[in-house]
There are 2 protein chains.
Amino acid sequence: MLSTPKGYQFAVTDAGFHKYPRNNLALVLSDTPATAAGVFTKNRFCAAPVIVGKEILEGKPAVRGIMINTGQANACTGEQGIQNCRTTISLLAKALNLAPKDILPASTGVIGQQFDMNKWEKAVPLLLANLGKNNATDFADAILTTDAFHKISSRKINLVGGDVSLLGMAKGAGMICPNMATMLAVVLCDVQIDADLWQSLFRQAVDQSFNRVSVDGDTSTNDTVYGLANGASGISATAEDTSILLEALTDVLSELAYLLVKDGEGASKVLHISVVGAKNNADAELVARTIGHSPLVKTAMYGRDANWGRIVAAIGRSGAEFNPNDVTVSLCGYKIFEKGQPVDFDFDPVLEPLLKAVDIAIDVRLGEGQGQYIFKASDLGHAYIDCNASYRS
Amino acid sequence: MLSTPKGYQFAVTDAGFHKYPRNNLALVLSDTPATAAGVFTKNRFCAAPVIVGKEILEGKPAVRGIMINTGQANACTGEQGIQNCRTTISLLAKALNLAPKDILPASTGVIGQQFDMNKWEKAVPLLLANLGKNNATDFADAILTTDAFHKISSRKINLVGGDVSLLGMAKGAGMICPNMATMLAVVLCDVQIDADLWQSLFRQAVDQSFNRVSVDGDTSTNDTVYGLANGASGISATAEDTSILLEALTDVLSELAYLLVKDGEGASKVLHISVVGAKNNADAELVARTIGHSPLVKTAMYGRDANWGRIVAAIGRSGAEFNPNDVTVSLCGYKIFEKGQPVDFDFDPVLEPLLKAVDIAIDVRLGEGQGQYIFKASDLGHAYIDCNASYRS
């Protein structure tokens, strides 16, 4: 049962951006101006909607809506692409009697292709005709690309002044747009909140969630997470509410991030990599990311193989400081490596059935200090190759 | 036609380290003490023969030979493993009337397994019985594991005092021992050379060759490159010879490194990634490595897909500094991306036949400064998954 925040309307339509029929243009509109936050890709080649979205968010603005298209990423499209992005939000804003800066844009799809502006001109009235007829699930469906399922997470949050609702929707699959697989997420809330606090909570929650998962280690030119808080609940966030809001936001984004990995292109498993006992958190992160990005670890997990040697080798080359004799590695809850050697126990038959699960726990203790980090990564199997070796051809 | 240095004898035998018959123990012995150099894995979990080999090389020693076994890596074997490694070289040294520190050890194979010392005791006399009956090719064959072909490169070098010979032999396949695929290389020369100079040339040549290739981004616990120079040619290296020696050594190691990538586990292509115009060499290296390690670029190349967007996205997330509008990307010699956009030219039909080649050139210009770097990487396809998803099972 979704907990849908008050004061938002949804609309989706088929704008003809694909060769086949499907909804590929989606809008969420707040009844009143909403406090907006955004976190964007760090890729130096950032897409036109990222450039325009950042511009709009400068100076803590309130916005009215977010419009997302699939089909074309509008990335690597030069000045023309930026101009086209501005035109699309102007078309919508004009029809709604709003200013262009009231609408945040996001795009995902093939990069290097210019928009067909005729299609946009025809699509905007169709989109607006559906306003209020569609719901959050329609929105979550319309923004998907190569995803196998939609990604929605919601919470009711009990604040000092009363209940507010938080709703997140995301798309993912791979991490890169030439594969039509940019990561996009939209979070809606009906709390009344200070713009600086909202952006700060948002950035912290993204760092704890989307920044701690990986399908293929890539960062797309379009990655965007937007958050709106429109105050329609009539409840204002107080200083006492900060931690509960951050916790709920982190929960929702973490659930979406988990679904992203689970639906990673060609993924069959989610590796939950936990590193503790590092010299510091940065060292723990190094170890966790090296394991999560290792093709040899990922193929072993795909092959349901308790190959402790590959995990150990990844730890050893991560660059983190530790004494090899102090390291322990556990797989699916069973310790398989300690004191520089595999444990003296025939763990393969014990682990064989456990390694068939979708969720696999890899726990590393370094015995060096208090640093820790948790990272989620997909496995690597034939479906990944199928999905990625022949996309454009 | 191999240019074999003077004063070396080879021996190989089947020591029974595998379940099936094959030569798995190899020795090269110099007639006289040879100046020795070594470069080892940076993995914190380093194997017993790496620990013992480093010990022997401390203090610029001369050694008489190198003994390499396949089957067991003698890594993650604790104190017992180190003790066993010492015993193996003692067995050989005793039979040859030498000291243990005259023999450098190296191992490759399954990690976490202790040697069967009975097999070693029986094998050493068999090995020595073959001394002089085997040649360099037998040696290069005996050190292979999952390799598809042996890797040999040699040069005759014209020094001021006369000609000397340089011969390199390597094994590779994957980069990690649980897959029996440690990178090992042995280089033999008959020049007379100062130990410090030899080690210095050696380290520079390794940095220009083996350190600039990748199959899967992993570093094994056993990676070792040894170099011997025994002076049997009667020619001493002078100060004037330094650059020509370095060039030849770099050539031989680069050829071996190329063969390593070409024979990478499941590889069908060698990507030659060249980055120029970076702010500095470190930035160029960042860009080249990010492209070479990107699963999305690697699968695109496997799929013969001129997917410039994935190359551009890798450049953009590398962390290097540049202006996106100054970047150009060429594939197989054709410029496909410049000024922030794909070039206005239907390059797919032109590139289609070229992308069928084994060797693929990816050239990146950043337009920022004088930094440059060259990196070689394999592609990523189904054979890699087949090879790595089911090794232990």
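Values as computed for the structure displayed
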item	result
Count of the stretch B:294-308 residues which are at the interface with chain A (Cβ under 7 Å from one of its Cβ atoms) and part of a loop (DSSP other than H, G, I, E, B)	4
From A:ILE336, A:ILE291, A:ILE311, residue being in a strand (DSSP E or B), buried (at least 17 other Cβ atoms within 10 Å of the Cβ), more than 9 Å from every other protein chain (Cβ to nearest Cβ) and at pLDDT 90 or above	A:ILE336
Residue that is in contact with a Leu (Cβ under 6 Å, 6 or more places away or on another chain) and closer than 21 Å to A:LEU380 by Cβ, where the choices are B:ALA377, B:ALA314, B:ALA320, B:ALA383	B:ALA377
Selection status of B:GLY277, over 19 Å from B:SER209 (Cα atoms), more than 8 Å from every other protein chain (Cβ to nearest Cβ), touching a strand residue (DSSP E or B) at 6+ places or on another chain (Cβ under 7 Å) and not in a helix (DSSP H, G or I)	yes
Residue count for the stretch A:234-270, restricted to those that are at pLDDT 95 or above, more than 25 Å from A:LEU29 (Cβ to Cβ) and either among the aliphatic types (A, V, I, L, M) or within 11 Å of the chain's Cα centre (by Cα) (or both)	2
Residue among B:GLY227, B:GLY162, B:GLY231 that alone is at pLDDT 95 or above and out of contact with any strand residue (DSSP E or B) (no Cβ under 7 Å at 6 or more places or on another chain)	B:GLY162
Residues (in a strand (DSSP E or B) and of a type in the set (Ser, Thr, Tyr)) located in the stretch A:203-249	A:SER214, A:THR224, A:TYR226, A:SER236
From B:PHE345, B:PHE375, residue being part of a strand (DSSP E or B) and either in contact with a Ser or Thr (Cβ under 9 Å, 6 or more places away or on another chain) or surrounded by fewer than 18 Cβ atoms within 10 Å (Cβ to Cβ) (or both)	B:PHE375
Which numbered condition B:VAL350 fails, given (1) more than 13 Å from chain A (Cβ to nearest Cβ); (2) under 15 Å from B:ILE273 (Cα atoms); (3) of a type in the set (Val, Ile, Thr); (4) assigned to a helix (DSSP H, G or I)	(2)
Residue list for the stretch A:111-165, filter: among the hydrophobic types (A, V, I, L, M, F, W, C) and under 21 Å from the mean Cα position of the chain (by Cα)	A:ILE111, A:ALA136, A:PHE139, A:ALA140, A:ALA142, A:ILE143, A:LEU144, A:ALA148, A:PHE149, A:ILE152
Test for A:LEU184: is it closer than 19 Å to A:LEU260 by Cα and either touching a strand residue (DSSP E or B) at 6+ places or on another chain (Cβ under 8 Å) or not charged (D, E, K, R) (or both)	yes
Filtered residue count, the stretch B:73-91, keeping only those that are surrounded by fewer than 24 Cβ atoms within 10 Å (Cβ to Cβ) and within 13 Å of A:PRO342 (Cα to Cα)	1
Which numbered condition B:ASP31 misses (of (1) charged (D, E, K, R); (2) under 21 Å from B:GLY132 (Cα atoms); (3) touching a Lys or Arg at 6+ places or on another chain (Cβ under 8 Å); (4) surrounded by fewer than 19 Cβ atoms within 10 Å (Cβ to Cβ))	(3)
Pairs where the first residue, in the stretch B:54-83, is within 20 Å of B:ILE143 (Cβ to Cβ) and the second is acidic (Asp, Glu) and surrounded by fewer than 24 Cβ atoms within 10 Å (Cβ to Cβ), C-beta under 9 Å, 6+ apart	B:ILE56/B:ASP102; B:VAL63/B:ASP102; B:ARG64/B:ASP31; B:ARG64/B:ASP102; B:GLY65/B:ASP102; B:GLN72/B:ASP116
The lone exception for A:VAL50 - which of (1) buried (at least 21 other Cβ atoms within 10 Å of the Cβ); (2) away from every other protein chain (no Cβ under 14 Å); (3) closer than 15 Å to A:THR221 by Cβ it fails	(2)
Checking B:GLY81 against (1) in contact with a Leu (Cβ under 7 Å, 6 or more places away or on another chain); (2) of a type outside the set (Ser, Thr, Tyr); (3) within 14 Å of chain A (Cβ to nearest Cβ), the condition it does not meet	(1)
Checking A:LEU184 against (1) surrounded by fewer than 18 Cβ atoms within 10 Å (Cβ to Cβ); (2) modelled with pLDDT under 95; (3) more than 14 Å from chain B (Cβ to nearest Cβ), the condition it does not meet	(1)
Search result, residues across the stretch B:64-91 that are on the phi > 0 side of the Ramachandran plot and more than 25 Å from the chain's Cα centre (by Cα)	B:GLY78
Flag for A:LYS356 being basic (Lys, Arg) and either crowded, with 21+ Cβ neighbours inside 10 Å or facing another protein chain (nearest Cβ under 9 Å) (or both)	no
Odd one out for B:LEU271 among (1) in a helix (DSSP H, G or I); (2) of a type outside the set (Asp, Glu); (3) in contact with a helix residue (DSSP H, G or I) (Cβ under 7 Å, 6 or more places away or on another chain)	(1)
Residue satisfying condition, being of a type in the set (Ser, Thr, Tyr), facing another protein chain (nearest Cβ under 9 Å) and within 30 Å of the chain's Cα centre (by Cα), within set B:SER378, B:SER318	B:SER318
B:VAL327 vs. criteria modelled with pLDDT of 95 or more and facing chain A (nearest Cβ under 10 Å)	yes
Test for A:SER243: is it free of Cβ contacts under 8 Å to residues at least 60 places away in the same chain, of a type in the set (S, T, N, Q) and surrounded by fewer than 22 Cβ atoms within 10 Å (Cβ to Cβ)	yes
Odd one out for A:THR299 among (1) in contact with a Cys (Cβ under 9 Å, 6 or more places away or on another chain); (2) modelled with pLDDT under 90	(2)
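The values are calculated or read from the model by the stated rules, or taken from the named source; none is laboratory data. Owing to the predicted nature of the structure, the values given are computational and were not obtained by experimental measurement. As a convention, Cβ positions derive from the backbone with ideal geometry for all residues, glycine included, and neighbour counts pool all protein chains shown.
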